[in-house]
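Notes follow once the structure below has been shown.
The values are calculated or read from the model by the stated rules, or taken from the named source; none is laboratory data. What you are looking at is a predicted structure, and each value in this text was computed from that prediction instead of being measured. Heads up, the Cβs are rebuilt from the backbone with ideal geometry, glycines too, and the neighbour counts pull from every protein chain shown.
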Protein chains: 2
Amino acid sequence: MEKLLCGADLGGTKLSVGLVRRDGSLLDKETVYDHADKTEGQTVDAIGACLDSLLERRGLGKENLLGLGVGFAGHLRFKQGVVITTSNFRNFKMKNYPLRDEIQKRVGLRVVLDNDANAQGFAEYSFGAGRDFPGIIFLTISTGIGAGIILDGKVYRGMTGTAGEVGHTIVNPQSDIRCGCGNYGCLMSHACGLSLPRLVEKKLAAGMETTLPLDGANLRGTIDGRWIGRGLERNDPLCLQVVQECADYIGIGLYNLFQIFNPPAFVLGGGLLHWGDIYLGRIVDKFYALAGDMLYDDIAIRTAALGDEAGLVGAAALLLEDE
Amino acid sequence: MEKLLCGADLGGTKLSVGLVRRDGSLLDKETVYDHADKTEGQTVDAIGACLDSLLERRGLGKENLLGLGVGFAGHLRFKQGVVITTSNFRNFKMKNYPLRDEIQKRVGLRVVLDNDANAQGFAEYSFGAGRDFPGIIFLTISTGIGAGIILDGKVYRGMTGTAGEVGHTIVNPQSDIRCGCGNYGCLMSHACGLSLPRLVEKKLAAGMETTLPLDGANLRGTIDGRWIGRGLERNDPLCLQVVQECADYIGIGLYNLFQIFNPPAFVLGGGLLHWGDIYLGRIVDKFYALAGDMLYDDIAIRTAALGDEAGLVGAAALLLEDE
């Protein structure tokens with residue numbers, strides 16, 4: 001029997017571990033939601049426990065697995081398998097934590113550890129919206145903005161392993177909106193979930209009104225992608241403007257990536273895509289308006305096809321990256 | 001005898017053809033300055049004539065050459081060896097012109113045709129300021145801004161062959177300065193030779209004064225990198241401010257490329273580097289201010305080492321790219 005792949009997606013809200021066939025289809029998975037309250041070591045153990053449980057109920061052993069790919073929401077030293085830092089977990093920063101080797105010790109399998117956006121991008125490239133292309137630029141637009149750069153069938157990771165931090169590129173140096181990174185005017189300060197409260201605040205301060213209820217005392221706790229989405233459904237003018245502005249910045253981001261990479265395809269994923277056609281259409285329009293006659297070949301702009309499983313499936317697929 | 005390389009640099013002001021040793025050193029070259037008044041076909045013939053003359057005076061034949069690499073100032077379809085368009089020549093646009101095959105017919109050698117910034121970047125990577133690194137991002141800041149992206153020893157060219165057009169990335173969407181590409185606020189509209197007259201005009205309009213003589217009737221013909229350089233020498237406050245602003249934008253550009261590529265090294269070339277340490281120092285400072293604690297490994301920022309020969313030598317070196 002051909003060996004199965006195994007993937008894990010270790011994020012701030014949930015930990016999923018799954019058995020994946022070579023064609024990218026999911027055979028079985030386990031998901032837990034309480035890992036973020038734990039310590040580093042307990043989290044490593046939770047991955048191992050999920051895997052043990054999966055193997056037991058499928059009547060499989062470790063000898064049936066090619067290895068374990070892990071997608072992680074944080075900055076990594078890829079070659080060393082070490083977490084540099086992460087801000088996505090309550091109880092730990094995993095500062096300089098040798099996560100890959102710790103998982104390897106626990107599960108007794110070859111482990112590949114990569115950034116979650118890289119894993120998602122590689123999944124879309126291998127099995128999803130990007131499978132028809134020799135490479136893609138995958139952009140995930142959610143609470144934050146991440147990218148997976150797939151060139152000629154391989155994830156491009158750079159010197160340390162932190163390539164693809166497109167969210168931190170400066171797109172408006174005159175901006176008064178500050179990102180968590182400390183800089184003003186990066187893509188993340190204008191066009192992701194984290195930026196929404198500030199964008200709404202600015203419109204309210206400028207006298208715009210919204211038809212949606214606002215918890216004035218806790219604007220930052222109230223406003224997120226879903227709140228804006230509800231506004232879109234009822235044609236709230238403030239929400240519509242926020243969506244348009246976010247879309248314009250993402251369009252600029254895509255255009256910049258086009259000029260840099262001249263890629264055959266973009267794949268867009270992440271929660272804000274739920275805003276629908278009004279959002280995606282505006283992104284695409286902005287991109288083509290900027291690209292104008294500098295675009296000499298067709299470029300595909302597709303939405304992600306694999307949904308929530310992309311991180312897990314992509315992490316598993318990374319076991320085959322060098323084949 | 002090991003075969004020699006041959007390189008040509010076909011730009012708007014001059015055409016150079018040279019014989020290059022495998023270590024990147026130049027054995028001999030010919031340069032002509034009247035090619036831009038000619039037709040496409042005559043330009044192809046001028047390359048062939050330069051090569052014939054070089055071979056004759058060195059007592060060599062075509063059998064002593066591995067091939068001919070050509071660096072060209074324009075947009076190319078790399079795989080096809082076709083010029084899409086160029087705005088650097090007086091008499092021709094070379095629209096969809098099969099330049100590689102036309103040269104090949106004339107010279108009877110294997111020809112590689114690439115963008116001039118790619119050739120320069122590959123030269124710096126192979127023999128110059130980037131030779132200690134597994135890859136570099138080369139940026140040339142001159143009349144325009146171009147880049148050569150060298151990843152793991154290969155030029156990254158993208159789908160069509162137009163990757164690396166970093167000059168056209170939007171860095172200020174609120175800008176009122178328009179680039180020749182039609183967009184506002186791209187890097188080229190703020191930080192290259194072409195943008196200098198407009199930057200000076202804006203400062204004059206805002207009431208700033210310069211100690212340099214100005215030909216009011218022909219501001220655009222007067223102001224270039226050298227004019228600003230003369231201002232720097234005499235501490236002209238307007239020129240100093242223009243240089244600082246240009247440097248800040250290049251610093252932003254480098255920072256954005258760092259977040260995208262996480263490269264081990266940047267190499268900076270091009271005429272505006274003659275502005276010296278006040279310019280380069282400000283670029284570097286801006287870069288590190290933005291990168292802050294997101295830079296986990298040392299990154300080298302070096303100035304180009306090969307000078308005017310980089311285009312020719314790099315084009316020749318491209319003959320060895322796949323070895």
Worksheet, complete the sentence: Scanning the range B:274-298 residue by residue, those of a type outside the set (F, W, Y), crowded, with 19+ Cβ neighbours inside 10 Å and closer than 17 Å to B:F138 by Cβ turn out to be B:I283
Worksheet item: What number goes with the only condition from (1) without any contact (Cβ under 8 Å) to a residue 60 or more places away in the chain; (2) within 14 Å of another protein chain (Cβ to nearest Cβ); (3) touching a Lys or Arg at 6+ places or on another chain (Cβ under 7 Å); (4) surrounded by 24 or more Cβ atoms within 10 Å (Cβ to Cβ) that B:G167 does not pass?
Response: (3)
Worksheet item: Do we find that A:S189 is crowded, with 19+ Cβ neighbours inside 10 Å, among the hydroxyl-bearing types (S, T, Y) and away from chain B (no Cβ under 14 Å) in this structure?
Response: no
Practice prompt. State which residue pairs qualify: first residue more than 18 Å from B:A73 (Cβ to Cβ) and inside the range B:11-40, second residue part of a loop (DSSP other than H, G, I, E, B) in any location, beta carbons under 7 Å apart, and separation of 6 or more residues or different chains.
Written response: B:R22/B:E2; B:L27/B:R21
Worksheet, complete the sentence: The number of residues in the range A:132-154 that are surrounded by fewer than 24 Cβ atoms within 10 Å (Cβ to Cβ) and not hydroxyl-bearing (S, T, Y) is 9
Discussion item. Any residue that is farther than 26 Å from B:I137 by Cβ, touching a Gly at 6+ places or on another chain (Cβ under 9 Å) and among the hydrophobic types (A, V, I, L, M, F, W, C) - is there at least one of those in the range A:256-264?
Written reply: no
Item to complete: Only residues in the range A:207-223 that are at negative phi count as the first member; pair them with residues that are in a loop (DSSP other than H, G, I, E, B), Cβ under 6 angstrom, at least 6 apart or cross-chain, and list the lot.
Response: A:T210/A:D236; A:T211/A:D236; A:L212/A:D236; A:T222/A:D215
Worksheet item: Can you spot a residue in the range A:125-146 that is under 24 Å from B:K286 (Cα atoms), in contact with a strand residue (DSSP E or B) (Cβ under 6 Å, 6 or more places away or on another chain) and in contact (Cβ under 8 Å) with a residue 12 or more places away in the chain?
Response: yes
Item to complete: Among the residues of the range B:16-45, count how many are of a type in the set (A, V, I, L, M, F, W, C) and at pLDDT below 95.
Response: 2
Item to complete: Taking the options B:E209, B:E201, name whichever one is more than 14 Å from every other protein chain (Cβ to nearest Cβ), among the acidic types (D, E) and part of a loop (DSSP other than H, G, I, E, B).
Response: B:E209
Discussion item. Please determine whether any residue of the range A:122-139 is within 23 Å of A:G180 (Cα to Cα), at pLDDT 95 or above and out of contact with any Ser or Thr (no Cβ under 7 Å at 6 or more places or on another chain).
Written reply: yes
Item to complete: Take the range B:138-152 and flag every residue that is within 12 Å of B:F122 (Cα to Cα) and part of a strand (DSSP E or B).
Response: B:F138, B:L139, B:A147, B:G148, B:I149, B:I150, B:L151
Worksheet entry | Breaking point among (1) farther than 28 Å from B:G292 by Cβ; (2) within 8 Å of chain B (Cβ to nearest Cβ), for A:C181 | (1)
Practice prompt. Kindly check whether there is at least one residue in the range A:106-128 that is surrounded by fewer than 24 Cβ atoms within 10 Å (Cβ to Cβ), outside any loop (DSSP other than H, G, I, E, B) and in contact with a Pro (Cβ under 6 Å, 6 or more places away or on another chain).
Written response: no
Worksheet item: Restricting to the range A:51-89, what's the tally of residues that are farther than 12 Å from A:L10 by Cα, part of a loop (DSSP other than H, G, I, E, B) and free of Cβ contacts under 8 Å to residues at least 60 places away in the same chain?
Response: 5
Practice prompt. Looking at (1) surrounded by fewer than 24 Cβ atoms within 10 Å (Cβ to Cβ); (2) touching a residue at least 40 places away in the same chain (Cβ under 8 Å); (3) within 13 Å of another protein chain (Cβ to nearest Cβ); (4) not hydroxyl-bearing (S, T, Y), find the lone condition where B:L194 falls short.
Written response: (3)
Worksheet entry | Hits in the range A:289-308 - residues which are over 17 Å from B:H168 (Cα atoms) and of a type outside the set (G, A, S) | A:D297, A:D298, A:I299, A:I301, A:R302, A:T303, A:L306, A:D308
Fill in: Close pairs from the range A:97-120: first closer than 30 Å to A:G167 by Cβ and outside the structural domain of A:G148 (by TED's automatic domain parsing), partner of a type in the set (D, E) and in a helix (DSSP H, G or I), Cβ under 6 Å, at least 6 apart
A:Y97/A:E40
Discussion item. Just checking: which of the helices (runs of 4 or more DSSP H) contained wholly in the range B:229-323 hold 3 or more residues that are within 14 Å of chain A (Cβ to nearest Cβ)?
Written reply: B:237-261, B:277-291
Item to complete: Run B:G48 past the list (1) assigned to a helix (DSSP H, G or I); (2) free of Cβ contacts under 8 Å to residues at least 24 places away in the same chain; (3) under 24 Å from B:P98 (Cα atoms) and report the number of the one that doesn't hold.
Response: (2)
